[in-house]
Amino acid sequence: MESTYWSGKAAVVTGAARGQGAAETLRLLRAGAVVHALDVLPEGDAAWAELRASAGADAQRLSIRVADVTSEAGWVALAEEIRLAGVPLYGLVNNAGVTLRKTVTETTPGEWRRLLEINLEGPFLAIRALAGLMPAGASIVNTSSTAGLTGYFSAAYTASKWGLRGLTRAAALELAGQGVRVNTVCPGLVETPMIMQPNAVHDAGRARLFYEGNRDATPLSRAAEADEIAGAVMFLLGPDASFITGSDLPVDGGMTGGGVYWRIGKATGNL
């Protein structure tokens, strides 16, 4: 069943042009799905060309849409496009997100609002617009983070990822009667452009220290590849997870499971 499950089915992936979103898009295409790939990057961006090239012959089932996930009108238009296409929508991956490594007092109100608008309101708008198109057996996966499972100094990012877990649970309850499942995947350190991206607070040097600190706090002592996160997303989207809803799946190399005692065990020589 797994090898043919996605044949004749559609999925939507946000933040699809690169990183985790691109890996998830490619996994779905290779499984036989029609994929509506959304990203704010312009269509001429090299990331889109790389995605098409990586998809190979499967690119015939790839529909690229330059879109802002915070646009309600954009989601309404996409919903109508999917409805008219007639391919049933079995998957929604709310992957698009931005980060901001600023504390509460460093974060401006404008930065706070914009980050929550992308990371939390975007998935809300997506679910609101598309859930009605999804038949029994369909699945929604929201991308939270280890920052949504523990304390983290980045105020707006942490709040958005904790909030996304709450949205997931509310949607899971509402859509259970429809037979649609809703879960979160919570990645830890992942090898994507975002993790090393300098910003107003972290220059290239501090971004490197941030990366190394995350790696050193991970029991498996490495970052995940984007495709490893995509594998977990595919599991939650597919039939093998048919009785899982309203849950969080950490994919973090043991970071949250080990907690503070990972560091203590290393420091005391017990691990």
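The values are calculated or read from the model by the stated rules, or taken from the named source; none is laboratory data. Because the structure is predicted, anything quoted here is derived from the model rather than measured. Because the Cβ atoms are built from the backbone with ideal geometry, glycine has one as well, and the counts that use them run over all protein chains shown. Just the protein is used for accessible areas: all its heavy atoms, side chains included, with ligands, DNA and RNA removed. Shrake-Rupley method; radii C 1.70, N 1.55, O 1.52, S 1.80 Å.
Assuming SER221 fulfils every condition listed in (1) open to solvent by 60 Å² or more (accessible area, probe 1.4 Å); (2) modelled with pLDDT of 85 or more apart from one, which condition is it?
(2)
Condition first: farther than 17 Å from GLY137 by Cα and of a type outside the set (A, V, I, L, M). Now tell me which residues in segment 1-31 satisfy that.
Taking segment 1-31 first, the residues farther than 17 Å from GLY137 by Cα are 13-27, 29-30.
Residues satisfying the conditions are THR14, GLY15, ARG18, GLY19, GLN20, GLY21, GLU24, THR25, ARG27, ARG30.
Being under 21 Å from TRP162 (Cβ atoms), assigned to a loop (DSSP other than H, G, I, E, B) and open to solvent by 30 Å² or more (accessible area, probe 1.4 Å) is the filter here, so list the residues in segment 228-253 that pass it. Reasoning before the result, please.
Going through segment 228-253, the residues under 21 Å from TRP162 (Cβ atoms) turn out to be 229, 232-233, 236, 244-253.
From what's left, assigned to a loop (DSSP other than H, G, I, E, B): 244-247, 252-253.
Of everything in segment 228-253, those that are under 21 Å from TRP162 (Cβ atoms), assigned to a loop (DSSP other than H, G, I, E, B) and open to solvent by 30 Å² or more (accessible area, probe 1.4 Å) turn out to be ILE244, THR245, SER247.
So which of GLY177, GLY122 is open to solvent by 30 Å² or more (accessible area, probe 1.4 Å), on the phi < 0 side of the Ramachandran plot and either out of contact with any Gly (no Cβ under 8 Å at 6 or more places or on another chain) or at pLDDT 95 or above (or both)?
GLY177
Among strands (runs of 3 or more DSSP E) lying entirely in segment 1-70, which contain 2 or more residues that are at pLDDT 95 or above, among the aliphatic types (A, V, I, L, M) and surrounded by fewer than 20 Cβ atoms within 10 Å (Cβ to Cβ)?
Because the criterion is at least 2 residues that are at pLDDT 95 or above, among the aliphatic types (A, V, I, L, M) and surrounded by fewer than 20 Cβ atoms within 10 Å (Cβ to Cβ), the strands (runs of 3 or more DSSP E) in segment 1-70 that meet it are 62-66.
Give me the pairs: first residue in segment 143-156 and within 18 Å of ASP248 (Cα to Cα), second residue open to solvent by 10 Å² or more (accessible area, probe 1.4 Å) and assigned to a loop (DSSP other than H, G, I, E, B), beta-carbon distance under 7 Å, and six or more apart or on different chains, which are they?
From segment 143-156, the pairs are THR143/ASN95; THR143/GLY97; THR146/GLY188; THR146/ASP252.
Identify the single condition in (1) assigned to a helix (DSSP H, G or I); (2) crowded, with 19+ Cβ neighbours inside 10 Å; (3) in contact with a Lys or Arg (Cβ under 8 Å, 6 or more places away or on another chain) that ILE140 does not satisfy, given that it satisfies every other one.
Failed condition: (1).
Can you tell which of LEU133, LEU164 is open to solvent by 30 Å² or more (accessible area, probe 1.4 Å), in contact (Cβ under 8 Å) with a residue 40 or more places away in the chain and in contact with a helix residue (DSSP H, G or I) (Cβ under 7 Å, 6 or more places away or on another chain)?
LEU133
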